[in-house]
Every structure is written in structure tokens, then in C-alpha cells.
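This report concerns only the one structure given below.
The values are calculated or read from the model by the stated rules, or taken from the named source; none is laboratory data. Every value quoted in this text rests on a predicted model; they were computed, and no experiment measured them. Here the Cβ positions follow ideal geometry from the backbone for every residue, glycine too, while neighbour counts run over all protein chains shown.
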Amino acid sequence: MMEEVRQTGRTRWIKRVIICAALALIFQTGWLQLIDPTYGQRADRTTLVRRTLYPGRGLILDRSEHLMVHNIPVYDLKVIYNQVPKNIDTNLLCKLLEIDKAGYKERMEKDWKSLRYSKSIPFDFMEHIPASKFQYIQEYLYLFPGFYGELRSARGYFENHSAHILGYMSEVDQKKIDESDGLYALGDFCGSTGIENLYEPVLRGAKGASYVLKDNLGREIESLDGGRHDSLAISGDNLILTLDHVLQEYGQQLLQNKRGSIVAIEPSTGEILAMVSSPGYDPNELSISRSRGEAFNKLQSDTLKPLFDRSVMAMYPPGSIFKPLLALVAMQEGILNEDRTIYCGGAYYSGGLKRGCHNHPTPHNVSEAIAYSCNTYFFTVYKEVIDKAGYTRPEIGLRQLNEYLTEFGLGHKIGLDVPGEKAGNLPGPEYFDQVYPAGRWRSPYILSMGIGQGELQLTTLQMAHAAAVIANEGTYTDPHLLKARVPAGKAAKPEFYPRRRVGVDYRYFEPVIEGMSGAVRGGTATLAYIPDIEVCGKTGTSENPHGEDHSVFFGFAPRDQPKIAIAVYIENAGWGGSFATPVAGLMIEKYLKGEISEGRKALETKMLEADIIHKVKS
């Protein structure tokens, strides 16, 4: 009983203490707000402003860590509508910003009924002011309460190439903001194309924030609570690409005034050394600035389509560079022996139709057939591959052939780390069942695909990848552009890519490689010949029913321990040996030797000065 009395007494005392403490707090609050004038005066004199601190976006470097993309400081001029006095000197402000009064009014008046704007929340008054100009404006900002600058970063480029790979940034739309879970806000930019887009989560970093007290004249007084509520911005990771910027620039020079593309790969790693699309554009044109809208519209309306990345988006018939792949599959399936002779009298005859061939001796083996680029040889081989299960069952042979070709990268996206890659077209039985009466088509109907024509279509990336697979005698690593990531203040973290193998035995690659070497030594690809480097290659002429044929080449060098595999496709440039082949040879020599030998300078000048675009137009 006595214990219960003691407990009741303690409870009463605790309640009394709590009540007294609460009364004291209420009294203090009332004193500050109703009697002591200093609290109200301070509140009237100060405004709390939250400033977003934007992180430095990750830099982009080439394989030798040469800086390709950097950040340029720019400022956005922000304004809080409710803090702008009615008697502000608009004449001076307009003069500083180089706008007129109509422009000032247009920037200040917003749709206040919209959820996008509020008179008490900062919004952009003027964007992308260069740092040099803003430094002058900042000296006068104290005269304009409600206005303040916010540091941002625009992208800068040291070279005028690689725009399709690097990509550009654009302002986020409302849909992007709504789906970002607070990552993006009105006025933010993000990667829109290329590497900038695909690696946006890595490059963007993380925003910070600072809380600043300002007086009624817009001058900063102090950080809120000594900066305890502030957070630092975290810079994005730097990216090291596989590109060789010297080779990339050289490829762009060689493709000047030409429509086409070049893709070069290091066979042992799958690293892309160069990926050029022409016509291209200077990436600085689409850097964040007040003139980028005009530049974008100009590029978009250009009939030469400079925004279109021909290296991964354009799909072309490969022409005769398909022949080495067909030979490999046919040998693996036991349909073709490497020493087989197929008579060629200048044409291939089938079903009363004559299909022409080049003027060359009869090939007595696979190597000679590839070196001569004999159509008759490969029409014969293709028909036998398709008719493996019988003339009336071509779908079996075609399906089996396509299974092999898929392993070489044909008919599907390789998965390169840039958006927009196309799959090409590797038509199968289902496709021809729609073109012809189902089950009624036969091998002669599709014979043109045996020499890389007809419905077969590849991207230049797929062609270069196929060349790399041959260079490695069947093994490969998927082509890629990212070599390593470098987190801020840390060591580089190399990317890992697995090694794979196609289903063709090593022994069948040797006769094909010998044939490609022969094509360069004395066949159709002699303009890729380099005296002290054994280049293996194959020309192709892609038929164009609408005009001049397209020039094609793929190959690799040196023959032993290849360092570079390459594909070149030049539209409307004629047969494969005319332009694609010498361009590829010059690219190989530039990469392996660093310069073009004196004896090939005239060829280099011819390729650099050739103007196929305007020739075709005229």
C-alpha cells in the first residue's frame, strides 16, 4: 500500500515538471514573437534560399587518356518573383543582359496557374550565360533583389569529330522529371544520344544543396545554421573509351565529301579503335548554348543527314565480303573442300539464267576463289549449302547457314554501347515464305545472297566484327567502346568482356585468310597493299539499283597476331577496290606505323581530295 502511494507521488511531480517546461516554452515563444521586436525584424530582413549545387559531369577520354570531352562553366540567372521590388532598374538590367524590355517582361511573366511555376520558387530567367560574361553581371546583382546566379556545366570538345559516338545533351522534359524519382528538375540536362545517353547514370554524379540567408537587398548574410544542412555535390565518373582519337580524326578526313562509314576494331580485345560516320558534324555545335536550337534545326534539315550514324544505323548489302564467311560455313559442313576446283568460264548458268563473273582464271581452291572474288564459285557453293537437304527443302539449308552467320554477328544487334544500333537483315525461311508462295521457293530464287546481294543487309559494325572473328580464327570479344571507368579520386576500373567462339574449326580459317592475303597481294584489293605489313582483305561491290554502286572492303593486319580489323563502306563510290580498299589500307598504315609512307602519299592525297558527294549530285 505504501509503495503505491509513493508511485502516485512521483507521477504527480513528473507531470508538474512537464507542464512547467511547456509553459516556459510558450512564454518564450510569445515573448519573441509578440513583445521582442528583434525576432520579427530579423525575419523581415532575411530570406532563406536553397541553392542546387550541380556536380561536375564525368570527363570522357580516349584509350591513351587524351581528353575528348570536358566541362565548360556557364551560369543560369535565377529569379524569385516575389522578391523582385516594383521599382527595380529594368533599364540597367536589360542593358547588362543585352535584352529589351519586351524580353524582360516575357521572361518574368509566367503561367502562374501552371504547376511548373510559383512566385515564391526560383525559376530560370536566362540560361547558359558564359562565365566571362556573368562575372561582369555579378558585380551589379546586388542592385537586383530576387536575382542570383547558379553555376552549371556545358560540354566542350577539343576536336571536331566523334559526335555520333560521344552524343549530346538536351533539357529533360516533364515525363523524364516525373519518372526520375527526384533526380531531375525543371531546367536540368541529361545525355540524349551516344555515350552521354547510355552512361548518363555514371556521368551525371549527384547534386548537392546549400541554404543561404539573404537580406532584403538580395545580399548573402550567412549560411543557415553554419552550413549544417548543406550537402556537397558528387562528381560523375570519368570514362576512358577504346577510341584512338588520332585514328578517328584521320578517318574523318579520309571520308570528307563522301557518304559512308569506317569501323576499326582491335581483334584481340574487341575494342573499337575508330568508328566514323560521314557526313558528320562538329560536336561543339550541339553543346549547351543559346544557339544550339538553331544549329540542331539546321543539321536536322540537311539532306545529307549528318545526324544519321551510318556506322551502326545504315544497313547495306555487303557484296563480295560475304564470300569468306560462306566458305567457312561450307567447309565446316563438309560441303566444300579447301582444294576444290570449280570451273568458271566468265559466268554462272542456272535455270536458263546467266549471272556474270569477273575476268580471271578458274579457281582451283578456296584461297584462289576468294582472291579472284569468283562469283561462279560462290554461287555454286551457296546453292549446295541451301540444297543440302534436297532441292525441294531449301529451308533446312538456309536455316542452318543462318545459325552459323548469327554467330559471326549477322542478323542481330551486336550490343555496342551506343544507342541506335540496327540488326541488319539476315532473311530466313519465314521471310521467303512471305515473299513467295509458302514452301514453293527454291535456291535459285535467293542465289544473289551467295555473293552478298539481294535481301542480305549488314551494318558496317557487323562487317568489321566479322573481319575480327576471321582475324582471330574464330574467337572474339563483343565490340565495345568503354575501356574503363574512373570514379572521382580513385583508380581506373577496367571493364570486363568475355571471350567467345564461333562454331567453325580453326583449320578452316587458314585457306580463307590465305585467300584474303592473296586478294591484297595481287587480287582485287591491291590498293590496300603495304610493303612491310601483310594485309588480309576482301573487296565488295554493293549493287545499287538507284545509281552508282557502293564500294566495300573488310580485312585485318598484320596476318600474324592482328592488331586491327576494319570495314569501310563508301556509298556511290563504285567497285570495292576504287575507294573503300585504299581508305582501309591508309587507316591500317596510320594505326600500325603512325604515318603514311612516302610511296603512298599520292594515294593518300587522292583519297583526301576525292569528292564523291558533289560528283553524284552533279
Original post:
If you check every pair at least six apart or on different chains, which have Cβ atoms under 7 Å apart with a residue in region 164-180 that is assigned to a loop (DSSP other than H, G, I, E, B) first and a residue that is among the acidic types (Asp, Glu) and modelled with pLDDT of 90 or more second?
Top reply: Gly167/Glu196; Tyr168/Glu196
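Condition check ((1) within 19 Å of Lys538 (Cα to Cα); (2) among the acidic types (Asp, Glu); (3) not in a loop (DSSP other than H, G, I, E, B)) across all residues:
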position: Ala565; (1), (2), (3): yes, no, yes
position: Tyr569; (1), (2), (3): yes, no, yes
position: Asn572; (1), (2), (3): yes, no, no
position: Gly576; (1), (2), (3): yes, no, no
position: Ala584; (1), (2), (3): yes, no, yes
position: Thr605; (1), (2), (3): no, no, yes
Subject >> Listing of helices (runs of 4 or more DSSP H) fully contained in region 1-104 that carry 1 or more residues being modelled with pLDDT under 60 >> reply: 2-30, 37-45
Subject >> Long-range neighbours under 9 Å by Cβ, at least six apart or interchain, first residue in the same structural domain as Ala557 (by TED's automatic domain parsing) and among the basic types (Lys, Arg) within region 593-606, second surrounded by 10 or more Cβ atoms within 10 Å (Cβ to Cβ) and not in a helix (DSSP H, G or I) >> reply: Lys593/Ile530; Lys593/Ile533; Arg600/Ile530
**OP:** Name the one entry in Ala557, Ala528, Ala519 that is within 23 Å of Arg355 (Cβ to Cβ), crowded, with 23+ Cβ neighbours inside 10 Å and of a type outside the set (Lys, Arg).
**Re:** Ala519
Subject >> Residue list for region 531-554, restricted to those being in a loop (DSSP other than H, G, I, E, B), in contact with a Gly (Cβ under 9 Å, 6 or more places away or on another chain) and either modelled with pLDDT of 95 or more or surrounded by 24 or more Cβ atoms within 10 Å (Cβ to Cβ) (or both) >> reply: Val535
Subject >> Leu77 buried (at least 16 other Cβ atoms within 10 Å of the Cβ), touching a Phe, Trp or Tyr at 6+ places or on another chain (Cβ under 6 Å) and either more than 23 Å from Ile288 (Cα to Cα) or in contact (Cβ under 8 Å) with a residue 12 or more places away in the chain (or both) >> reply: yes
Subject >> When residues of region 286-312 are limited to those that are closer than 23 Å to Tyr569 by Cβ and either among the β-branched types (Val, Ile, Thr) or touching a strand residue (DSSP E or B) at 6+ places or on another chain (Cβ under 8 Å) (or both), the one surrounded by the fewest Cβ atoms within 10 Å (Cβ to Cβ) >> reply: Thr303
Original post:
Of the residues that sit in region 215-233 and are in contact with a Leu (Cβ under 8 Å, 6 or more places away or on another chain) and outside any loop (DSSP other than H, G, I, E, B), which one is modelled with the highest pLDDT?
Top reply: Ser231
Subject >> Filter result (within 27 Å of Val172 (Cα to Cα) and either within 39 Å of the chain's Cα centre (by Cα) or surrounded by 12 or more Cβ atoms within 10 Å (Cβ to Cβ) (or both)) within region 80-97 >> reply: Ile80, Tyr81, Leu97
**OP:** Sort through Lys422, Lys383 and tell me the only one that's outside any helix (DSSP H, G or I) and either of a type in the set (Lys, Arg) or in contact with a strand residue (DSSP E or B) (Cβ under 9 Å, 6 or more places away or on another chain) (or both).
**Re:** Lys422
**OP:** Specify the residue that is surrounded by the most Cβ atoms within 10 Å (Cβ to Cβ); the eligible residues are those in region 243-278 that are under 19 Å from Ile596 (Cβ atoms) and of a type in the set (Asp, Glu).
**Re:** Asp244
Subject >> Count - residues of region 392-423 that are touching a Ser or Thr at 6+ places or on another chain (Cβ under 7 Å) and either crowded, with 22+ Cβ neighbours inside 10 Å or under 26 Å from Thr341 (Cα atoms) (or both) >> reply: 1
Original post:
Which condition number in (1) within 22 Å of Glu271 (Cβ to Cβ); (2) among the β-branched types (Val, Ile, Thr); (3) over 26 Å from the mean Cα position of the chain (by Cα) is the one that Thr605 fails?
Top reply: (1)
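Yes/no matrix, rows are residues, columns are (1) free of Cβ contacts under 8 Å to residues at least 12 places away in the same chain; (2) in a helix (DSSP H, G or I); (3) closer than 28 Å to Arg499 by Cβ; (4) not charged (D, E, K, R):
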{"site": "Glu338", "(1), (2), (3), (4)": "no, no, yes, no"}
{"site": "Tyr349", "(1), (2), (3), (4)": "yes, no, no, yes"}
{"site": "His358", "(1), (2), (3), (4)": "no, no, no, yes"}
{"site": "His364", "(1), (2), (3), (4)": "no, no, no, yes"}
{"site": "Tyr377", "(1), (2), (3), (4)": "no, yes, no, yes"}
{"site": "Asn402", "(1), (2), (3), (4)": "no, yes, yes, yes"}
{"site": "Lys413", "(1), (2), (3), (4)": "yes, no, yes, no"}
Original post:
Out of the residues in region 579-607 that are β-branched (Val, Ile, Thr) and buried (at least 22 other Cβ atoms within 10 Å of the Cβ), which is nearest to Ala471 (Cα to Cα)?
Top reply: Ile588
Original post:
Any idea which of (1) assigned to a strand (DSSP E or B); (2) over 22 Å from Pro318 (Cα atoms); (3) not β-branched (Val, Ile, Thr) is the one Lys354 doesn't satisfy?
Top reply: (2)
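So is Met331 assigned to a loop (DSSP other than H, G, I, E, B) and either under 36 Å from the mean Cα position of the chain (by Cα) or not polar (S, T, N, Q) (or both) or not?
no
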Original post:
Among the residues of region 184-210, which ones are over 30 Å from Leu254 (Cβ atoms) and either without any contact (Cβ under 8 Å) to a residue 24 or more places away in the chain or β-branched (Val, Ile, Thr) (or both)?
Top reply: Tyr184, Asp188, Cys190, Glu200, Pro201, Val202
